[in-house]
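> Sharing a structure here in structure tokens format.
Every read-out reported here was derived from the displayed coordinates using simple, explicitly stated rules and does not represent laboratory data. Just so it is clear, the model here is predicted, and its values are computed rather than measured. Neighbour counts are summed over all protein chains in view; Cβ atoms, including those assigned to glycine, are modelled from backbone coordinates with ideal geometry.
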Amino acid sequence: MQKQNTLAASFTLQGKGLHTGLEITITFNPAPENHGYKIKRSDLEGEPVIDAIAENVVNTQRGTVLSKGNVQVSTIEHAMAALYAMGIDNCLIEVNAPEFPILDGSSKFYVENIKAVGLKEQNAAKDFYIVKNKIEVKDEESGSVITILPDDKFSVNVLISYDSPVLSNQFATLDNISDFAEEIASSRTFVFVREIEMLLQNNLIKGGDLDNAIVIYDQKTSQESLDKLADMMCQPHKNVQELGYINNKPLVFENEPARHKLLDIIGDLALTGKAIKGRVIAMHPGHGINNKMARLIRKDIKLNDVQAPVYNPNATPIMDINRIRELLPHRYPFLLVDKIIEIGENHIVGVKNITNDEPFFQGHFPQEPVMPGVLQVEAMAQTGGLLVLNSVDEPERYSTYFMKIDGVKFRQKVVPGDTLILRLELLAPIRRGISTMKGYVFVGDKLVSEAEFMAQIIKNK
């Protein structure tokens, strides 16, 4: 079982804001389990905090802007991408301005500092959003499409296309998130010369220069016009004769713009609040459609607050029925766990196949057989008992007795032919032989029942 991570120590960066031009100080701090990403405006009275989640995005014009009430913070995506890709689940970010510093226009310095301070593993389980079916969002006007397909890991493919002789079509891919630091993090944001005047007129990119963005010169204009733009940006004049990239340092990668778009996608999807297991395929992406996808995932998370575990019937079980019989005193017809497919320090996943030959169907609506809810609870309890027994040496010498059951809910009928996926997780560490657990029963992707348990482990006489 993967666990949540936070920073092992705080770190601070300083730099100017891309759009405001302000000198900014930003500090990244460790945060407790299940905290997520939160941003504190330390420059404002009361130091208001904004949750870094997709629903709080209010603008995606030239970056991702979060808002809560009258408080905003923008240009967060590069930092979010670094936190997400480096495996940070919980972080409190303090910033003394309405935006994050642009630094060199990439995630490079965030990643370097995360590496320098290191990660601290926490006790809580890492929360994943597992893509079970194809998810797709489109923008008919721009032609942008983002698709997420089921996969056992997170990966991203990006295609960008512009009506430009310098930057036409580019492709970038990230097959393993562990390669982000080397393959993606140093890719800088980019802008076309023909866009700069409009951006300045909209009170944007006051802090933009040739050190924090790739500037693309793809439509010839007069030197006088170029000099005028340079003056507007408070930058030195540059003589440009040929179309191409105008920068103080060369491209880091031949397809650096596409790689930066990939970086932006990761930063925007970080606002889902969960690590994603799925393959992202993006055509002509931008912050707007990225946020649409993140909001769609957030909506699905809210509708299905607990995701069903992935069940591969071909995988070798962690415990088969013979091992279960060695640990549990239950026997037919009251043994209600067939196998254990996953077990960790704080959770367990079991399977129970429901057939028409179950003896309880003879008396529980034989004309329309339905599994009694009390037996679903018992199946959860037996699975939870195996989790508790897994925490002691010589588990064969112990039994688990349940002391209390709360919060029982039945959401859907269980009938012959169903396969129950039983997930139990500890709500707190086991102390003095007492454990508290939350149990869920799924059929396919649907949650059919749930309950909370308190149990005691006792040595057999």
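> Once you have the Cα-Cα distance between M403 and L22, take 0.36 nm times their residue separation minus that, and quote the gain in nm to one decimal.
131.2 nm
> Does anyone have the angle between helix 108-117 and the longest principal axis of the chain? Alpha-carbon axes, 0 to 90°, nearest 10?
Roughly 50 degrees, rounded to the nearest 10.
> Separate question: Over the stretch 321-459, how many percent of alpha carbon pairs lie in each 5 Å bin up to the one with the longest distance?
Result, from short to long distances: 2, 10, 21, 24, 20, 13, 6, 3, 1, 0 percent.
> Hey, what number do you get for the chain at 222 nm if only DSSP H runs of n ≥ 4 count, each worth -39500 (n - 2.57), divided across all residues, to the nearest 500?
It comes out at -6500 deg cm²/dmol, rounded to the nearest 500.
> I would also like to ask the following. With r as the distance between the Cβ atoms of N460 and N59 and R0 = 51 Å, compute the FRET efficiency 1/(1 + (r/R0)^6) and round to 0.05.
Result of the calculation: an efficiency of 0.20.
> Would you kindly state how much longer the chain becomes between V49 and N70 on full extension, computed as 0.36 nm times their sequence separation minus their alpha carbon distance, in nm to one decimal?
Contour length minus the Cα-Cα distance gives 6.4 nm.
> Given all pairs of different Cα atoms, what value in angstroms does the Kirkwood hydrodynamic radius of the stretch 77-129 take?
12.5 Å
> For Cα pairs less than 8 Å apart in space and 6+ apart in sequence, what is the mean separation divided by the residue count of the chain, i.e. the relative contact order in percent?
14 percent
> Something else: Translational diffusion coefficient, Stokes-Einstein: compute it for the stretch 252-388 using the Kirkwood radius over C-alpha pairs as Rh, at 10 °C and 1.306 mPa s, and state it as an integer in µm² s⁻¹.
The estimated diffusion coefficient comes to 84 µm²/s.
> So if I take the centroid of the Cα atoms in the stretch 371-397 and the same for the stretch 133-165, what is the distance between those two points in Å?
Answer, in whole Å: 44.
> Which of the lysines could a cross-linker bridge to K220, judged by Cα under 22 Å and excluding same-chain residues fewer than eight apart?
K228, K238, K249
> Compute the Kirkwood hydrodynamic radius of the stretch 1-41, taking the inverse of the mean of 1/r over all pairs of distinct Cα atoms, and give it in Å to one decimal.
Kirkwood hydrodynamic radius for the stretch 1-41: 12.3 Å.
> Next question. Which value results when the Cα radius of gyration for the chain is divided by 2.2 N^0.38 Å?
Compactness ratio reported: 1.19.
> Ranked highest first by the average count of other Cβ atoms within 10 Å around their residues, in what order do 123-132, 279-288, 70-79 fall?
In descending order of packing, they fall as 70-79, 279-288, 123-132.
> OK, next. Would you calculate the separation in nanometres between label points at K413 and T355, each defined as 7 Å from the Cα along the Cα-to-beta-carbon direction?
In this crude spin-label approximation the distance works out to 2.2 nm.
> Could you work out the equivalent-ellipsoid semi-axes for the stretch 1-123, taking the square root of 5 times each eigenvalue of the Cα gyration tensor, largest first, in whole Å?
Sorted largest first and rounded, they come to 22, 16, 13 Å.
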